[in-house]
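Structure incoming, see below.
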Amino acid sequence: MGAKHKGRTYADAAKKHANSQNDKARTPKKDGSTKPVQSDASAGGDALQTPSDLKRDLPHDAAHLLREPRLGQVVLTLQVISSILFRVLVFVFLRIIPGHLGFYALHLYAAYLVSWGLYELSLRARHHEAPRPCTKTLFASLVLGRSTRNRRVNLAQLAIHTLLLVLFLDSYFSPYMFPSYREAHLRFARMGALSPTSAKLHVRYPHPLPVLDGLWESDIDSGVLQDAAQLEAPVRVVWRAAPEADASPAEALRASSALRNARRWERGPLLHLTADTDWTATATLEDLWPATRYEWRLAFVHNNTFAPLPERPVSFVTWPDPRLSSYLKTKPSERTAQVPLDNPNHFRFATTSCIKPDFPYNPAQFWGWNWLLKLLGIGDEVGGIAQRNRIRGFDLMADRLLQNGRAGIRFLLELGDLIYADVPRYEGPSISSYRKLYRNLFASKSFQRVFSRIPVIGMYDDHEIVNNWSGGGYGAEDASPDKNVARAYEQHPSPPPGLPAGLQAWSEYMGNANPAAVHEGEHYFTFNYGDTAFFVMDTRKHRVHPSYPGEERTTLGVQQRAALLTWLSEVNHTATFKFLVSSVPFTSLWGGPLDLDGRKDGWSAYPEERAALLDVLQYVPNVIILSGDRHEFASVSFRDSVVEFSTSPLSMFYIPIRTLAQEHSIDPPGEELLLKYLPDGNHKWTEFEVDTRSPLEPAVHATVMIDGKEAWRLTVMGRPIRRSQGALGSLAKSLMELLGFRNLRWFD
């Protein structure tokens with residue numbers, strides 16, 4: 001009975017299966033009849049499925065797979081892992097470190113999307129959707145990024161992840177999504193290097209004139225006609241003396257009477273604006289009076305009318321005459337809120353480095369809704385959260401230093417990483433890729449607030465070209481027999497392929513506005529303010545690669561090192577304070593196992609040259625080293641004679657891992673001492689007030705600013721410098737005191 005019953009069961013099942021296959025083998029026609037369809041057996045093998053069949057069977061296959069406990073668990077595990085890693089990586093990229101690893105957010109999002117889609121297909125195949133999950137389940141789903149049986153919750157999860165992806169892409173490609181990098185868009189006029197008798201002007205003015213035809217005079221009153229299409233210098237600088245911005249009418253009249261026809265516009269140098277220099281040009285005004293306010297504009301050469309740029313005259317104040325330094329040292333040295341502009345022994349300046357617009361990223365600046373926030377009056381002010389291309393560090397600096405219509409410092413020293421050509425992505429070694437980033441920087445309203453009122457000069461570091469580059473090759477600057485050995489030792493060529501283009505772009509937007517270089521064709525330079533001297537070093541172009549095994553391992557190169565030693569001998573007894581400016585830290589306290597480049601990118605990678613330089617500096621009184629690059633602040637003392645202030649970033653990430661410690665020093669015990677370490681903060685700069693009015697107690701007051709607040713102060717007391725009084729200072733002192741004219745404007 002059991003076998004017979006079992007046989008009937010199998011027979012019934014087979015018959016039922018045959019009827020099912022016959023039903024499937026017939027398709028209905030429009031007239032209601034059926035049409036036989038060739039079966040798999042009659043076709044002689046398996047029939048190919050149509051795309052519609054594949055689309056219809058895919059959810060069933062996915063559901064079948066996910067019904068397997070192991071496979072379903074694998075999909076959900078993949079979804080959770082990819083979701084958590086994706087969200088963490090996006091947050092780190094937008095708010096902590098915008099590094100190269102951020103690109104992997106795209107891969108993680110793709111993994112999450114695949115796992116999310118497989119789970120959704122299984123829900124559709126089962127035709128079952130659970131009600132809204134409880135609060136605990138919903139919270140776990142949002143935290144872990146895991147799908148639930150509720151389709152609406154899953155769609156919300158996908159929307160959140162997609163929004164994060166869009167914000168990431170907005171930040172990742174932001175330097176190339178603005179119109180500011182286009183040649184015909186950006187215009188600016190700013191001040192570069194100043195001195196007591198000269199001023200450098202820096203302009204970008206694309207296509208100042210439309211296409212002209214006919215004959216034009218090449219210069220006013222020249223009488224020489226030339227083809228207008230060949231007019232090489234369409235604009236020129238015009239300038240004149242100007243009263244103080246807050247001067248009374250009587251003071252303005254006195255200022256105007258100091259020079260003959262002071263209110264008349266004087267013709268200055270021509271500006272050659274071409275596409276070869278990305279429409280940038282610099283001009284120098286010579287034979288100016290010390291401690292005098294001037295203003296300048298641009299005028300068209302062919303008709304002597306003002307150009308639209310700048311809209312208003314740009315004003316500046318020349319530096320005081322350093323020859324009066326000895327005379328003015330008889331005055332007391334009380335600190336005042338406003339530093340006078342005509343005292344060569346008392347002035348302020350600031351240093352910073354490392355600048356990247358739109359970092360840390362604020363979701364309010366996303367182009368999809370920032371325009372709506374501006375319409376609602378949210379974040380629409382200068383430096384507001386809804387502004388694109390914002391540099392928060394410059395906004396904080398402007399709020400502090402630009403008060404009462406007067407700048408609080410005489411100049412800003414930018415110590416490198418003015419742009420990030422390789423972070424988060426490197427567009428290539430062409431000059432157009434570098435120029436885009438500079439145009440994007442100078443188009444920032446935040447930066448314009450500063451450079452329109454404060455002269456900015458500086459030096460490049462590595463990210464203006466590519467990370468951690470060395471331009472001196474692998475040997476000394478002369479033909480070294482070890483060079484071939486070094487090239488075999490290091491596989492990657494140096495200098496980098498983008499070096500010529502990167503340096504040209506940097507020169508067009510920063511370097512050409514600096515003081516004149518010490519040697520022609522180089523970038524390191526010197527300048528003086530009163531009896532304070534500065535040497536700005538180039539620590540990139542002439543350094544050998546850190547892995548170079550030869551004897552001549554140098555950061556400065558032979559020629560620059562000789563120029564530095566010569567400068568030290570000249571200013572040893574003529575300048576009270578000597579500022580030595582380096583783009584990378586001089587201290588060796590950065591390092592440790594978690595520091596990726598602390599030992600190979602700063603001066604500590606070249607210990608022989610560093611030690612030799614310290615042997616000289618310890619005998620030069622009142623030396624202060626200024627540096628940047630590390631995205632942290634540190635102040636260090638060397639041999640009780642030299643002090644370093646390393647300050648960065650102005651607007652970039654700070655290192656969340658502590659990498660500086662006293663035990664990292666490579667110097668003998670007691671020679672290198674940590675004074676202060678301030679690693680946290682995205683926006684740092686240091687202000688220096690130099691006060692040498694008292695010859696017996698010269699001082700430099702340093703104030704460290706972090707995120708717009710004073711974080712630390714230090715006063716560096718200098719040693720008196722004995723020198724003979726200049727002839728002009730001695731004569732001025734005796735005559736002025738005898739005649740009672742000590743309050744004359746340019747002696748006051």
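Structure shown: which of 356/445; 374/445; 676/709; 200/356; 541/578; 356/436 lie over 20 Å apart, alpha-carbon to alpha-carbon?
In this structure, 200/356; 541/578 lie more than 20 Å apart at Cα.
OK, next. From zero outward in steps of 10 Å, how is the percent of C-alpha pairs of region 64-172 spread across the bins?
Spelled out per bin, shortest first, that is 15, 44, 30, 10, 1.
Hand me the chymotrypsin sites (Phe, Trp or Tyr not before Pro) from region 345-416 located in a DSSP loop with no more than 14 other Cβ atoms within 10 Å, in residue order please.
Sites meeting the loop and neighbour criteria: 367, 369.
Just report the Cα centroid separation between region 143-159 and region 264-306, whole Å.
That distance is 63 Å.
Can I ask one more? What translational D, rounded to a whole number of µm²/s, comes out for region 337-467 from Stokes-Einstein when the hydrodynamic radius is the Kirkwood one over Cα pairs, at 25 °C and 0.890 mPa s?
Calculated translational D: 151 µm²/s.
Using alpha carbon centroids, what distance separates region 663-702 and region 580-601, in Å?
Cα centroid to Cα centroid, the span is 16 Å.
In Å, what is the Rg of the alpha-carbon atoms in region 557-614, and how long is Dmax?
In Å, with Rg to one decimal and Dmax whole: 13.9, 44.
Taking the alpha-carbon set of region 352-410, what are its Rg and Dmax in Å?
13.3, 40
Given just the C-alpha atoms of region 523-629, how large is their convex hull per residue in cubic angstrom?
Convex hull volume per residue, Cα atoms: 102 Å³.
Rounded to a whole number, what is D in µm²/s for region 579-696 from Stokes-Einstein with the Kirkwood radius over alpha-carbon pairs (10 °C, 1.306 mPa s)?
Numbers: Rh = 14.8 Å.
In µm²/s, the coefficient rounds to 108.
Also, I was wondering about something else. Find out how many positive minus negative residues lie around residue 629, taking Lys and Arg as positive, Asp and Glu as negative, among other residues whose Cβ is under 11 Å from that of residue 629.
Every neighbour counted, the sum reads -4.
Where a number appears in this text, it was derived from the coordinates with a stated rule and is not lab data. All of these numbers come straight from a predicted model, not from anything done at the bench. Positions of Cβ are generated from backbone atoms using ideal geometry, with glycine treated the same way; all protein chains shown enter the neighbour counts.
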